[in-house]
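> Submitted below is the structure of interest, expressed as structure tokens.
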Ligand code: FPP
């Protein structure tokens, strides 16, 4: 099995999972939170150093207020609730996205856990109020500021310059992006970083995603040949 350094998930299908059981959508998100806990364990067992989760996109603010509120509440409950487990397994929590959009209570809870786990090497990266295009626009703004201050010559701007101004420039690109519940789209996730990632889509809904699905994704990755444009 080829070693994966960074795996990223588009956690889709919580709403459909709940609907199929006649439950409110928020119950699907609650069950999705349980899957997050399981997947953390699978990644640890597989020796994967970076796990990125697409938890809330910039577009998700358009959902009904009660669903947004329930998701924010779940995030705090889960991530604060997971803190002992993050310590036990020495995992660092990092938030990626427009954190300024988040309610103050959510931001504070996340920042507290981020600080408490900052020294650990393995990383759980949670994308919140995240959009790939928004991230690239953010990088462009930062670069433009440096040019305006005379600290950067526009002629020297290359891919590495842009990569240095993304939200988490020290994190390597994902090797594998997994999307649950069958949709064949990136949905504005890690647009820059996904350039050479392998994509794996499973029809399994996120709350049902289990160890067999995880192993199937890893096996599919192992079977692929990554050429990065070469022969
Ligand atoms: C997509 O399902 C899922 C989300 C928008 C939210 C994911 C959030 C969690 C699993 C909460 C816990 C997260 C962490 C990091 C602790 P959907 O609602 O789009 O499903 P649908 O396409 O079936 O409607």
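> Quick one: in the range 1-31, which of the residues that are within 9 Å of the ligand (Cβ to nearest atom) and touching a strand residue (DSSP E or B) at 6+ places or on another chain (Cβ under 9 Å) is nearest to residue 188 (Cα to Cα)? Before the answer, list the steps.
If we filter the range 1-31 for residues that are within 9 Å of the ligand (Cβ to nearest atom), which is where we start, we get 10-19, 25, 28-31.
Among the residues that remain, those that are also touching a strand residue (DSSP E or B) at 6+ places or on another chain (Cβ under 9 Å) are: 10-12.
Numbers: 10: 10, 11: 13, 12: 13 Å.
Top of the filtered list is 10.
> Would you point out which residue out of 77, 55 is surrounded by fewer than 19 Cβ atoms within 10 Å (Cβ to Cβ) and either within 12 Å of the ligand (Cβ to nearest atom) or assigned to a loop (DSSP other than H, G, I, E, B) (or both)?
Values: 55 fails: surrounded by fewer than 19 Cβ atoms within 10 Å (Cβ to Cβ).
77 is the lone residue from the list that is surrounded by fewer than 19 Cβ atoms within 10 Å (Cβ to Cβ) and either within 12 Å of the ligand (Cβ to nearest atom) or assigned to a loop (DSSP other than H, G, I, E, B) (or both).
> On to the next question. Counting just the residues of the range 35-52 that are more than 9 Å from the ligand (Cβ to nearest atom) and in a helix (DSSP H, G or I), which one comes out farthest from the chain's Cα centre (by Cα)?
Applying the first criterion (more than 9 Å from the ligand (Cβ to nearest atom)) to the range 35-52 yields 38-52.
Those left that are additionally in a helix (DSSP H, G or I): 38-45.
Details: 38: 15, 39: 13, 40: 12, 41: 16, 42: 16, 43: 14, 44: 16, 45: 19 Å.
The extreme case among them is 45.
> Restricting the first residue to the range 172-185 and requiring it to be without any contact (Cβ under 8 Å) to a residue 12 or more places away in the chain, which pairs with a second residue that is crowded, with 22+ Cβ neighbours inside 10 Å and assigned to a strand (DSSP E or B) meet a Cβ separation below 8 Å and a spacing of at least six or different chains?
185/179
> Given the conditions (1) surrounded by 14 or more Cβ atoms within 10 Å (Cβ to Cβ); (2) within 18 Å of residue 6 (Cβ to Cβ); (3) touching a helix residue (DSSP H, G or I) at 6+ places or on another chain (Cβ under 9 Å), and given that residue 164 satisfies all but one, which numbered condition is not satisfied?
The one condition residue 164 does not meet is (1).
> Can you pull out every residue in the range 175-191 that is under 23 Å from residue 122 (Cβ atoms) and away from the ligand (no atom under 16 Å from the Cβ)?
The answer is 175, 176.
Each reported figure results from applying straightforward, stated rules to the coordinates on display, with no laboratory input. The structure displayed is predicted, hence computed values, not measured ones. No Cβ is skipped: glycine too gets one built from the backbone with ideal geometry, and neighbour counts run over all protein chains shown.
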